[in-house]
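In what follows, a structure is listed as structure tokens, so that the remarks can point back to it.
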Amino acid sequence: MNSTDGGGSSTEIKVPKVPESRVDEFASRLHGTLGRPGDPDYDRARTVWNGMIDRHPALVARCADDEDVIAAVGFARDNGLPLAVRGGGHGVAGHALCDGGLVIDLSGMRRVDVDPRTRRVRAQGGCTLADVDTETQHHGLAVPLGVVSATGIAGLTLSGGMGWLRRAYGLSCDNLVSATVVTADGRLLEAGEGAHPDLFWAIRGGGGNFGVVTSFEYRAQPLGPEVFFCNVYYPADRTTEVLRACERYVAEAPDQAAPLGVLGRVPEDEAFPAASHGDPFTAVLALYPGAPEEGARALRALREITEPICDLSGTMPYTQAQKLLDEDYPDGRRYYWKSVDAPELGEELIGRLRAHAAEAPSADSTIDVWYQGGAMARVGDEDTAFANRGAPYLFGIEGNWDEDADSAANIAWVRETFADLTSFSDGGVYLNFPGFLEEGEQLVRRGYGKNFDRLAEVKAVYDPGNLFRMNANVRPGTGTS
């Protein structure tokens with residue numbers, strides 16, 4: 001069958017022929033359901049958030065429990081089928097689907113259990129941020145997760161997990177206590193500090209290379225139900241002043257606030273002054289994870305840098321703050337992102353950021369400046385598989401557009417911006433914003449840094465045949481590759 005991947009290339013997919021009787025027998029063992037081409041809901045089953053991803057799996061196992069996942073892993077392994085794993089389906093690179101193979105779909109496994117006494121949260125692998133936030137907020141708790149509520153917790157956590165709480169409490173993977181993992185040989189393992197510590201180390205930043213994580217146990221933090229959220233938009237001609245002010249803020253303020261700078265264009269939305277629609281802006285977003293009245297005082301400096309276009313800041317439920325960016329990332333839009341770390345924020349670099357943002361073909365595209373440090377930087381680069389923690393800045397280059405005819409121009413903008421910003425970088429990238437991994441192992445090595453060889457050794461233990469390769473893939477090795 002012919003397949004077009006998210007990058008637009010066409011390849012011939014050769015799929016091992018599996019007897020229909022064997023497929024039927026597999027389907028009969030599932031507590032969930034097995035989808036196939038021709039089923040009424042097949043197209044829905046192969047649709048993910050990123051509209052660029054157009055793949056045609058041969059089978060979609062909608063798993064109901066761990067036993068289904070074990071059966072599906074075994075079926076793919078024993079029949080030589082390509083295997084992809086779908087959690088929330090929000091991953092920008094489209095790893096949740098494969099052509100001609102089997103998709104393990106966890107989206108029906110969304111149970112969340114909260115123990116308010118121990119502040120532990122157990123969430124199944126198909127959960128989204130909204131699923132976890134809803135349940136934890138019943139108890140005045142929050143797990144440090146991402147910034148868009150429809151994001152799946154699995155892909156987010158396995159490759160790090162950058163959110164509003166990163167400076168206060170660290171990355172999502174830093175708050176992981178344990179996880180249940182189905183490995184390539186069909187074992188269901190509980191990985192934590194006291195059991196399979198090598199696997200536990202690897203899944204905290206090493207992506208989906210080591211198995212299917214069917215549940216995550218997190219450490220939660222007291223937070224909410226209301227928080228103060230900074231959401232202020234400044235004219236783009238004050239970009240240097242705004243980004244410098246955020247730089248001073250994180251250097252002088254406690255770790256609680258983690259600003260996100262956004263360079264983009266004012267949308268045609270009634271929340272913004274009509275005269276500003278289409279104008280370039282530099283926004284500052286930040287959530288204060290304490291009492292709202294404290295947050296209003298603590299974040300005032302970020303709201304008074306200069307005269308704003310508008311200030312949408314205020315006190316709101318934590319669950320609402322977690323959804324503020326949702327409407328900017330609707331299902332079916334086309335997305336192509338890359339990222340790059342930087343050790344400093346010099347005048348020339350800020351000028352490049354502003355120039356590239358102004359050149360974006362789509363008014364919905366942005367360049368995001370993630371101010372890092374705080375709790376996430378106090379974890380050693382080799383303590384978890386997530387590397388490049390010491391970089392104070394991460395730039396997310398987000399190509400976001402609607403029409404397929406505009407794809408080439410938007411992809412070219414992201415690639416050109418990435419290539420230019422790389423000259424200011426020590427080499428690190430964030431593998432939740434990977435593009436389509438065109439650079440292959442070179443980009444993966446940059447993402448995993450000095451941890452790459454150790455990850456290859458762990459991969460050789462738990463997945464020597466590289467069954468789990470629809471990801472930022474680390475091939476099994478001995479640490480000498």
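The values are calculated or read from the model by the stated rules, or taken from the named source; none is laboratory data. None of the values given here were measured: they were computed from a predicted structure. Every residue, glycine among them, receives a Cβ derived from its backbone with ideal geometry; neighbour counts consider all protein chains shown. Side chains included, ligands, DNA and RNA excluded: accessible areas come from the protein's heavy atoms. Shrake-Rupley method; radii C 1.70, N 1.55, O 1.52, S 1.80 Å.
For ARG86, which sequence-distant residues (separation of 5 or more, or a different chain) have an amide H within less than 5 Å of its own amide H, given hydrogens modelled in the peptide plane?
For ARG86, whose amide H was placed from the backbone, the distant partners under 5 Å are ILE104, ASP105, LEU106.
Per 10 Å bin, what percent of the C-alpha pairs of the stretch 227-344 does each bin hold, from zero upward?
Final binned percentages: 12, 41, 37, 9, 0.
Which GluC sites (Glu not before Pro) in the stretch 85-194 pass both tests, a DSSP loop state and at most 16 other beta-carbon atoms within 10 Å?
Taking the stretch 85-194 and a limit of 16 other Cβ atoms within 10 Å, the loop GluC sites (Glu not before Pro) found are GLU193.
Kindly write out, for the stretch 207-217 in residue order, the coupling ³J(HN,Hα) from the Karplus curve 6.51 cos²θ - 1.76 cosθ + 1.60 (θ = phi - 60°), rounded to whole Hz, with x marking Gly and Pro.
Running phi through 6.51 cos²θ - 1.76 cosθ + 1.60 with θ = phi - 60° gives x, x, 6, 10, x, 9, 7, 8, 7, 10, 10 Hz.
At q = 0.05, 0.14 Å⁻¹, what base-10 log of I(q)/I(0) does the Debye formula yield for the chain when every alpha carbon is treated as an equal point scatterer in vacuo?
-0.17, -1.44
By how many nm would the segment from ARG300 to ARG44 grow when fully extended, if each residue of separation counts as 0.36 nm and the alpha-carbon distance is taken off?
Gain on extension, ARG300 to ARG44, equals 87.6 nm.
Show me, for the stretch 129-142, the HN-Hα J-couplings you get by feeding each phi into the Karplus relation (A = 6.51, B = -1.76, C = 1.60, θ = phi - 60°), rounded to Hz, glycine and proline as x.
In residue order, the calculated couplings are 4, 4, 4, 6, 4, 4, 6, 5, 5, 4, 10, x, 10, 8 Hz.
For VAL266, list long-range residues whose amide hydrogen, built 1.01 Å from N in the peptide plane, is under 5 Å from its own amide hydrogen.
Excluding prolines and chain starts, which carry no amide H, the hits are GLY278, ASP279, PHE281.
Just to check I understand the Karplus step: with θ = phi - 60° and J = 6.51 cos²θ - 1.76 cosθ + 1.60, what whole-Hz values come out for the stretch 188-204, glycine and proline as x?
Residue by residue, the stretch 188-204 yields 9, 10, 9, 9, x, 4, x, 9, 6, x, 5, 5, 4, 4, 5, 6, 8 Hz.
Residue farthest toward the positive end of the dipole of the chain, with Cβ of Lys/Arg at +1 and Asp/Glu at -1: which of ALA357, ALA408, HIS138?
Of the listed residues, the answer is HIS138.
Per the 1.4 Å probe, what fraction of the accessible area of the chain, in percent, lies on carbon and sulfur atoms?
Carbon and sulfur together cover 47 percent of it.
If you put +1 on each Lys and Arg Cβ and -1 on each Asp and Glu Cβ, how big is the dipole of the stretch 244-283 around its Cα centre, in Debye rounded to 20?
It comes to approximately 180 debye.
Which whole-number value in Å² is the accessible area per residue of the stretch 135-187, probe 1.4 Å?
The answer is 20 Å² per residue.
Please give the per residue accessible area of the stretch 365-481, computed with a probe of 1.4 Å over protein heavy atoms only, in Å².
Heavy-atom accessible area per residue stands at 38 Å².
Taking the Cα centre of the stretch 224-332 as the origin and placing charges on Cβ (Lys, Arg +1; Asp, Glu -1), which of PRO330, ALA271, ILE305 is farthest toward the positive end of the dipole?
ILE305
If the only charges are +1 at each Lys and Arg Cβ and -1 at each Asp and Glu Cβ, what is the size of the charge dipole of the chain around the Cα centre, to the nearest 20 debye?
For the chain, the charge dipole is close to 1100 debye.
Can you give the alpha-carbon Rg of the stretch 73-161 over 2.2 N^0.38 Å, where N counts its residues?
1.22
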